[in-house]
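Engineer: Could you have a look at this structure, given as structure tokens, before my questions?
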Amino acid sequence: MAVRVQDKDFDLGAEVAAFCRGRADMGAIVTFTGVVRDVGGGLKHMLIEHYPAMTQAAIEKIEAEAVQRWSLGDSLIIHRFGALEPGDRIMMVATAAPHRADAFQAAEFLMDYLKSRAPFWKKEVTDTGESWVSAKDEDEDALNRW
Amino acid sequence: MIDVVYFAWVRERIGLPKERLDTTSATVRELVTELRAREDRYEAAFADLSALRVAVDQELTDFDAPLAGVREVAFFPPMTGG
């Protein structure tokens, strides 16, 4: 189990390769990567702010919840902060389980909770100005399915 | 003394990331009332509590949370991670 909160980029291939290595007991490894998307056009960069004193522990709590609910052999969560450009990686989640249902479901659970319960805030800076990204009702609704 | 920290647009409206307060407020809600009475910028930040979330000592909680023994209160909009 590992959680990393960092401003620097990560090497997706290297992270996944390291995560997969030597897992004879895990039949399923699921990975998800979140990327900065230019929704309306004109996005210069996305500023990701977080609550340093809380972020690591909040994510570890979400991870512990996933381990309790599913048969997980391991998980990895990397989340970046700082100024990112369209196309940059924001975060990744990897889950390893004996069977794919657990790996997929745990990854989705982690994503849903990271979205609404990990203390990050996104601000979009465009050609015409800047604005904070609002949380969506459906993000909160997504938690209810778990 | 209690540390009060602000994030995202709450920080921008209040105009500072962190301050240390000497307060007698018993709950987060009382602290909000105390802050709103200070200056317009606090009133602007705390006008709609439904748009805000609060963490006490780095744990998400609600506005009725007690402040006894608490070291840090954080106010911020709903989180947008992922």
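What follows is calculated from the coordinates using simple rules that are stated; it is not laboratory data. Since this is a predicted model, take the numbers as computed values, not measurements. Cβ coordinates were reconstructed from backbone atoms using ideal geometry, including for glycine residues, and neighbour counts include every protein chain displayed.
Engineer: Fewest first, what order do A:146, A:70, A:121 take by the number of other Cβ atoms within 10 Å?
Structural biologist: Ordered by Cβ neighbours within 10 Å, fewest first: A:146, A:70, A:121.
Engineer: OK, next. Which value results for Rg/Rh of chain B when Rg is the Cα radius of gyration and Rh the Kirkwood radius based on the inverse mean 1/r?
Structural biologist: 0.92
Engineer: Another question about this same structure. Just add up the charged neighbours of residue B:56: K/R +1, D/E -1, any other residue whose Cβ is under 10 Å from the Cβ of residue B:56.
Structural biologist: Neighbour charge sum, excluding residue B:56 itself: -3.
Engineer: For chain A, what is the convex hull (Cα atoms) projected area averaged across all directions, in square nanometres?
Structural biologist: For chain A, the mean projected area of the Cα convex hull comes to 8.8 nm².
Engineer: With each pseudo-label sitting 7 Å past Cα toward Cβ, what's the residue A:128-residue A:61 distance in nm, one decimal?
Structural biologist: 3.9 nm
Engineer: Under a plain spin-label model, where a point goes 7 Å from the Cα along Cα-to-Cβ, how far apart in nm are residue A:35 and residue A:69?
Structural biologist: My value for the distance between the label points is 2.7 nm.
Engineer: Now for a different question. Nearest 10 degrees is fine. How inclined is helix A:52-69 to the longest principal axis of chain A, computing both from alpha carbons?
Structural biologist: 40 degrees
Engineer: A follow-up question, please. Net charge near residue A:106: determine it from the other residues with C-beta under 13 Å of the C-beta of residue A:106, scoring Lys and Arg +1 and Asp and Glu -1.
Structural biologist: -4
Engineer: Something else about it: Can you give the charge dipole size of chain A about its Cα centre, rounded to the nearest 20 debye, using +1 on the beta carbon of Lys and Arg and -1 on the beta carbon of Asp and Glu?
Structural biologist: My answer is approximately 300 debye.
Engineer: Here's something else I'd like to know. Please find the FRET efficiency linking residue A:136 to residue A:20, where r is the Cβ-Cβ separation and R0 is fixed at 30 Å, and quote it to the nearest 0.05.
Structural biologist: That pair, residue A:136 with residue A:20, gives E of 0.35.
Engineer: Further, regarding this structure: Between residue B:44 and residue B:68, what length in nm is gained on full extension when 0.36 nm per residue of separation is reduced by their alpha carbon distance?
Structural biologist: Contour length minus the Cα-Cα distance gives 6.0 nm.
Engineer: Ok, one more. Please give the average number of partner chain Cβ atoms lying within 10 Å of the Cβ of each residue in B:54-67, rounded to a whole number.
Structural biologist: Across the residues of B:54-67, the mean count of other-chain Cβ atoms within 10 Å is 2.
Engineer: At R0 = 45 Å, how high is the FRET efficiency between residue A:7 and residue B:24 if r is their beta carbon distance? Nearest 0.05 is fine.
Structural biologist: 0.70
Engineer: Which net charge results when you count Lys and Arg as +1 and Asp and Glu as -1 among the other residues whose beta-carbon is under 14 Å from that of residue A:68?
Structural biologist: So the environment of residue A:68 carries a net charge of -2.
Engineer: Given a 10 angstrom Cα cut-off, can you work out which residue in A:71, A:116, A:131 is the most mobile in a GNM of chain A?
Structural biologist: Residue with maximal mean-square fluctuation among A:71, A:116, A:131: A:131.
Engineer: In the Gaussian network model of chain A, springs joining C-alpha atoms below 10 Å, which of A:129, A:40, A:73 carries the largest mean-square fluctuation?
Structural biologist: A:40
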